[in-house]
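> Quick one: the structure is below, questions incoming.
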Amino acid sequence: MQKLTWCAQFSMMILPISPVPWYRYPKEDAPMPFELVRNDIAEMTADAIVNTANPQPIVGHGVDAAIHKKAGPQLLQARKALGQLRVGQTALTPAFGLNARYVIHVVGPLWQGGGRNEVSILRQCYQSALELAKAHGCRSIAFPLLCAGTQGFPPALALQTAIGAFSSFLVEEEMQIYLAVFDTSAFTLSEKLFQRVASYIDEHYIEEKIREEFDLSHSACQEDFLETRRELERRERMYIALRLEEDEEERLLTTSLAPEKPLSLPQSPQDWEAILPADTPGFSQTLLALIDRTGKRDAEIYKKANIDRKHFSKIRSNPHYQPSKSTVLAFALALELDLEETKDLLGCAGYALSRSQKRDVIVEFFLRQGHYDLMEINQVLFHFQQPLIGG
């Protein structure tokens, strides 16, 4: 029996719905509960901004210096009032000149080879900062990548620790979390993962394939390629012209000299219904049916998809909801759909995976591997400077 798409399967399960209204619902790209952003932490806007503080009430280097410079001298006075802080401790002050209400000062551990509980202490730093922000009513918080600079943490391990803490927190809590990374050199992917993804992109990404075949980095080869393309275009124009002449001769031989009857357009809604395809369930209905299939709670799926509750409520309540492609991909990964099922879900929303979009190629790589960790996939997308997946 031929496999039906998800849209077709669920059309058998769901009662017919009224036609889609003639107005369009706006696309809403809601913020993701966790987002990697390329920005200076001192320029972020959030309820709380996290600072990598020195244990002593002085201005340190790097992030600490940047935040104090932006906030102004009052921040140092507030920091002095806190006194000395021990490693792993967090404390809160007003934000003064920053685009925030509070600064949360965090004293992270120095990297000493990993044998002195540095990772668990660092994770506790993130957890304590999040709990402190929650206790003060913060709805958003911006972190730098703690301890990955002067404190010597391996960047990949520092990033993994941060994301683990954020993921655990967001399972139970609602908060917008930003991880501000000034540039991609601030962290690195594992060499093995980077090589596998880069190799897959080279093999499947159209622009990379063209570069590989024609070596566009060399002007002589580039000119050869352009000349070949011009010749192919010239031959194509000649072929099209010849076919048009043959088609015209055939039309004159097979039709009478009488004028053709003009094509009549449908005159009534019933006429249009006769030629339009039957209604099929859209993205919202298909998504809810897929969630039901898992037997899991809605919250488990939308949190795993890095979608906030308000965004999901709009999807659930609106059968004609038009999601962004990013949202569809996020739910496909959260539901752990295979490649074909992902294409079906994208099709329900009017999208498709494209080999000409590097982000799609990277997502396809992970789907073929059966790897659905959205946080890790977003790390890879961030590294390759592609849009992230989520709300």
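> Going residue by residue through segment 45-65, is there one that turns out to be of a type in the set (D, E, K, R), in contact (Cβ under 8 Å) with a residue 60 or more places away in the chain and in the same structural domain as Leu179 (by TED's automatic domain parsing)?
yes
> As an exercise: evaluate Gln127 against (1) assigned to a helix (DSSP H, G or I); (2) surrounded by fewer than 18 Cβ atoms within 10 Å (Cβ to Cβ); (3) out of contact with any helix residue (DSSP H, G or I) (no Cβ under 8 Å at 6 or more places or on another chain) and give the number of the one condition it does not meet.
(3)
> Report, by residue number, each residue of segment 83-110 that is in contact (Cβ under 8 Å) with a residue 24 or more places away in the chain, more than 18 Å from His61 (Cβ to Cβ), touching a Phe, Trp or Tyr at 6+ places or on another chain (Cβ under 9 Å) and not aliphatic (A, V, I, L, M).
Result: no residue meets the conditions.
> Could you list, in sequence order, the residues of segment 140-179 that are within 21 Å of the chain's Cα centre (by Cα) and in a loop (DSSP other than H, G, I, E, B)?
Within segment 140-179, Pro144, Leu145, Glu173, Glu174, Met175 qualify.
> Now for a different question. Of all the residues that make up segment 121-168, how many are polar (S, T, N, Q) and at pLDDT 95 or above? Can you show your working first?
So in segment 121-168, the residues polar (S, T, N, Q) come out as 124, 127-128, 140, 150-151, 160-161, 167-168.
From what is left, the residues that are at pLDDT 95 or above are 124, 127-128, 140.
Number satisfying all stated conditions: 4.
The values are calculated or read from the model by the stated rules, or taken from the named source; none is laboratory data. Note that the coordinates shown come from a computational prediction; the quantities given were computed from them, not determined experimentally. Neighbour counts are summed over all protein chains in view; Cβ atoms, including those assigned to glycine, are modelled from backbone coordinates with ideal geometry.
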